[in-house]
Amino acid sequence: MMRKISTIISNNRRFLPLTVTILLFFVAYAVGAWMYTGMRDPQVFLNLFRNSPFLLISAVGMTFVILSGGIDLSVSGVVALTTVASAALLRDGWNPWLVILLMLVMGMVLGATMGAFITYLNIQPFIATLAGMWFARGMCFFISDDVIPIDNHTFLILARTKILIPGLSDPVSQTGDYISILVIVMMLVFAAAIYIAQFSRFGRTVYAMGGNNGANEQSARLMGLPVNRTKMLVYILNGFCSALAGLTLCITVSSGHGLYAQGFEMTVIAAVVIGGTMLTGGEGYVFGTLFGVLVTGVIQMLIQFNGKLSSWWTPIVVGLLTLAFIIVQSLLAAQNARLLASKKVKRAEVGLPSDAGEAGKKKPMPFARQLLVFGGGALVVIVGTFLVVTNGQRNANGLSSTTPIQNCQSQPFRQDQAVTIIQSGAVLAYERNGGPNCIDELYAIYPDGRIEGDNGSESVKKQLTPEELDHLLSVIVARQWFTNEIYDTYHTPCGSCYVYYISVSYDGKQKTVKAVDGGTDAPANYWQVVSEINGVIPKFTSP
Amino acid sequence: MKTLKSTQTGRKIVESKLFFPFVALALILLLDFIFIPGFFKIETRAGNLYGSLIDILRNGSYVMLLAIGMTLVIATGGVDLSVGAVMAIAASVAAIMINPTIIGVKLPPDVMKLVFDPNFTYSPLWEVILVTLVVSMVCGLWNGILVAYGNIQPMVATLILMIAGRGIAQLITHSLRIQIFYAPYAFIGKGWVILPFSLYIVAFVYAIAWLLTRKTSIGLFIESVGINFRASFYSGIDEKKVKLLAYIFCGLCAGIAGLVASSNIQTSDANQIGLNYELDAILAVVIGGTALGLGGRFSLLASIIGALVMQATTTSMYAIGVPASAVIAVKALVVIFVILLYSKQVQSFVRKIIGQKGA
């Protein structure tokens, strides 16, 4: 029996990293569901997909690049440029569909330029795409230094339309579990990518080119495959995917800024590697990339559900997982090389071409051991992740019990003060803290249009006209503030991100919502409200 | 030498590793000379020198330090993506050693008062520097072990520390931005002794690297490992140890750069320190003519000039008035230009021109 299993595995060795990833995803989710009841909600599972179009679309393009033996660091730059450029064009009143088309073309042109440098001038992909990334990111700031909000109707519809899941929702009242249009787009891209990779001539050429430290590219060339053309196409395809990912990002957050998606290329590469694609190229599946993305999502989700854990555990865990997968890959590569060598020896001894099945029969024992190593490795990673999560929780608890310390990012919400403000008749209490300058600003807006703000060392005042106040409040209500569309998305913020707390008391209703910027999970309407409030409040002179 | 024809001399100059970096640097400085009045003015204040040129040297010191270490790694045929993260780790370690109260360590009340005093440090300065450098060498060791003994592709192996390193730095400082008040520490990055003190550090590290690679056989070993590690192995060089050494040295350089960077802004910010510096360092080395991914022949001085090319671009953009965040786009164009200078097509073109002139 064991022997049979090991034979099956040894014949399907190339699926091993993929299988490990898929198992890892389900185990990690199961652990999460066991620890946190919140994760048992089907909507939370669907949220994994709702949060991933951005990463997955990009990762699909990157899978092709990596399979072809290259690398593309420009994704984050192209993503940021797409968000800024489309936001700027929409602000100027362009047709949204034209903007989308233009952005996709722009991504492809950028990809083609980098591809040409790599293919025809023999510049290292690393360098050429790095320059591309810098160029794209720099161009963002030529367009705009600030965040450009998007309030285009089409983009809002794309962001907000719910596609209800049959069986888990109530179509009459439009409630229940749902996904977004972007998830459908993501799935279409994903399906097309699988088809291209597995069943098209282009896909086969990509596989043929990658791997073996560039020697395979030489062989592909000698076989008469169109290597140059394919290389160009791979980078054009990735440019397209990056632009599409940028569009999904700017649809989700309803704004564009040059600082979006910092360091995103590394997340994408890590997701592709965790998905079982060899970084040297030539081996891997687009299908695996989906699970690479989902595993990253689950890790993030576990850390968010934990709540007390610093969000900096995400890169550490992702880094460790990447390491584990790279080790699995290099072991596999070594195994393959050994098998190949032993076959060669056998052929030489017998003087006959040896049978692959025979080789499989003779090799099961070392492979069973290998399996043990992989299984053990995966187990160690899972247990390690689990320990890290639970231990980190304890540490975090321990920390919070020590004396209050100078804390830049997550100063506790001045909740008491905010409550007093609301009780004293204010319609809106708005606090913003953290950010690169460690600010802590609390504003109160009163029904007579008075705005008072203090940041601990200074206080500012401003008087709004009744029309301005009416406009502000009607915008907040129109953004569905008091419905379930606006919900808390607080998690430990990144170092230079702001934390927002907004309490609105209007028309007899009151609601407080917190969010952290830099996250893509906060509802788009929330950011509209934030930018609306930021537009009217007075500024402090001292940081 | 006098008997050589001018053609050969010309070819020799063009083929020298220093030629293209110098051309690039000279071009940038020439543009500055034409378009920015007073760019070359150097002032003396209290016996110290100030000016745009000095600024280029001072602000370029991190990248110069990183480039020295990176040159050796790239010469072995590898690359180290983690230097930026190692800088952040080094800065974090130094910061919490100087002021551990920030992460919740309780000190006696009479010491507690002194925390914001510029003369206060929890651990003596030599200890801070020593521990920081040891930690950064351990980071280098980790990379080296993965690459040399784990046989993992260098880009992949160092990617792990690059992703995880910043997280580790955040954990060390409990994701706080730590201000450093201790004055002697600030001198490392901010002090001036006629020239900025950080330049003397660069010179010192350069001298050590130069002695190590040019006065011992290690430099030759590194080149031979880069050109063909298998052949080096058969000729009796322990190629794994050579690689390990290169990565440890690179970690050390990153640690020093982290110290200089954090003392310059007197803050340890695990999120920002060294962000994207790995890219600057790699480009500096590539501009210096050491082949990324292939390894082999290297020139430390050319890498230093490469670092200056990067910094001169940035400084002159600031001087012209390009917004800080947009400078990166111009930098990309410079990089593309310099890389084009290296492409075979352009090089053979330049050689043809110089050859014709000589003939």
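Nothing in this text is a laboratory measurement; each read-out follows from the coordinates by a stated rule. Keep in mind that what you see is a predicted model, and the values were worked out from it rather than measured. Note that we place each Cβ from the backbone using ideal geometry, even for glycine, and neighbour counts take in every protein chain shown.
What value, in deg cm²/dmol to 500, does the helix sum -39500 (n - 2.57) over DSSP H runs of n ≥ 4 give at 222 nm once divided by the residues of chain B?
Helix contribution divided over all residues of chain B: -21500 deg cm²/dmol.
Restricting to Cα pairs below 8 Å that are 6+ residues apart, what does the relative contact order work out to for the stretch A:52-290? Please round to a whole percent.
Here the relative contact order equals 44 percent.
Order B:84-90, A:150-156 from most to least packed using the mean count of other Cβ atoms within 10 Å.
The densest-packed peptide leads the list: B:84-90, A:150-156.
Would you work out which of B:88, B:61, B:77 lies farthest towards the positive end of the dipole of the stretch B:3-159? Charges go on Cβ: Lys and Arg +1, Asp and Glu -1.
About the Cα centre, the residue reaching furthest to the positive side is B:77.
By the scheme Lys and Arg +1, Asp and Glu -1, what is the net charge of all other residues having a beta-carbon under 11 Å from that of residue B:170?
Charge balance near residue B:170 sits at +1.
Count, for each residue of B:318-328, the Cβ atoms from other chains sitting within 10 Å of its Cβ, then give me the mean as a whole number.
That works out to 4 on average.
Which whole-percent values make up P(r) of the stretch A:52-290 when all C-alpha to C-alpha distances are grouped in 10 Å steps starting at zero?
Values per bin, smallest distances first: 8, 32, 33, 19, 7, 1, 0.
Calculate, for residue A:143 and residue B:41, the FRET efficiency according to 1/(1 + (r/R0)^6) with r their C-beta to C-beta distance and R0 30 Å; round to the nearest 0.05.
0.30
Please report, for the Cα atoms of the stretch A:282-325, the Rg to one decimal and the Dmax as a whole number; what are they, in angstrom?
Considering the stretch A:282-325 through its Cα atoms, Rg and Dmax are 12.1, 41 Å.
How high is the FRET efficiency from residue A:105 to residue B:340, r the C-beta distance, R0 25 Å, rounded to 0.05?
Computed FRET efficiency for residue A:105 and residue B:340 comes out at 0.50.
Under the definition of Cα pairs under 8 Å and six or more residues apart, what whole-number percent is the relative contact order of the stretch A:1-130?
Here the relative contact order equals 20 percent.
Can you give the mean number of other chain Cβ atoms that lie within 10 Å of the Cβ atoms in peptide B:153-159?
Per residue, the number of nearby Cβ atoms from other chains is 5 on average.
Once the stretch A:186-308 is represented by equal point scatterers at the alpha-carbon sites, with solvent omitted, what log10 I(q)/I(0) does the Debye formula produce at q = 0.11, 0.21, 0.22 Å⁻¹?
-0.47, -1.35, -1.42
How many angstrom separate the Cα center of the stretch B:48-79 from the Cα center of the stretch B:317-359?
The two parts, judged by their Cα centres, are 19 Å apart.
Starting from 0.36 nm per residue, how many nanometres of slack lie between residue A:534 and residue A:487 once their C-alpha separation is accounted for?
15.0 nm
Note the angle between two axes, namely the Cα long axis of helix B:239-265 and the longest principal axis of the Cα atoms of chain B, as a number of degrees from 0 to 90, rounded to the nearest 10.
The helix B:239-265 is inclined about 60 degrees to chain B.
Quote the relative contact order of the stretch A:133-263 in percent (integer), defining contacts as alpha-carbon pairs under 8 Å separated by 6+ residues.
Computed over the stretch A:133-263, the figure is 33 percent.
Considering the alpha-carbon set of the stretch B:6-358 alone, what are its Rg and its Dmax in angstrom?
According to the Cα coordinates of the stretch B:6-358, Rg and Dmax are 21.3, 79 Å.
Counting only the backbone N, which residues of the stretch A:158-192 are under 19 Å from the spot 7 Å out from the Cα of residue A:40 toward its beta-carbon?
Correct set: A:168-169, A:177.
On a C-alpha basis, how far is the centre of the stretch A:279-312 from the centre of the stretch A:50-68 in Å? Whole number, if you could?
Measuring centre to centre over Cα atoms gives 12 Å.
Treat every Asp and Glu Cβ in the stretch B:6-358 as -1 and every Lys and Arg Cβ as +1, leave all other atoms uncharged, and give the resulting dipole magnitude about the Cα centre to the nearest 20 debye.
920
Any idea what the alpha-carbon Rg over 2.2 N^0.38 Å comes to for the protein assembly as shown?
That ratio works out to 0.99.
So, in Å, what gap is there between the alpha-carbon centers of the stretch A:127-147 and the stretch B:97-165?
32
Which of A:305, B:298 has the fewest other C-beta atoms within 10 Å, and how do the rest follow up to the most?
By the 10 Å Cβ count, ascending, the order reads A:305, B:298.
Cβ neighbours within 10 Å, averaged per peptide: list A:233-239, B:334-340 in order, most packed at the top.
Highest mean packing first, the order is A:233-239, B:334-340.
Measure off 7 Å from each Cα along the Cα-to-Cβ vector at residue A:157 and residue B:235, then give the distance between these two points in nanometres to one decimal.
7.1
I need the peptides A:223-229, A:440-446, B:208-214, B:306-312 ranked by packing, meaning the mean over residues of other C-beta atoms within 10 angstrom, with the highest value on top.
For the peptides A:223-229, A:440-446, B:208-214, B:306-312, the packing ranking is B:306-312, A:440-446, B:208-214, A:223-229.
Taking each residue in A:328-340, count the Cβ atoms of any other chain within 10 Å of its Cβ, then average. What number comes out?
Mean shielding by partner chains, rounded to a whole number: 1.
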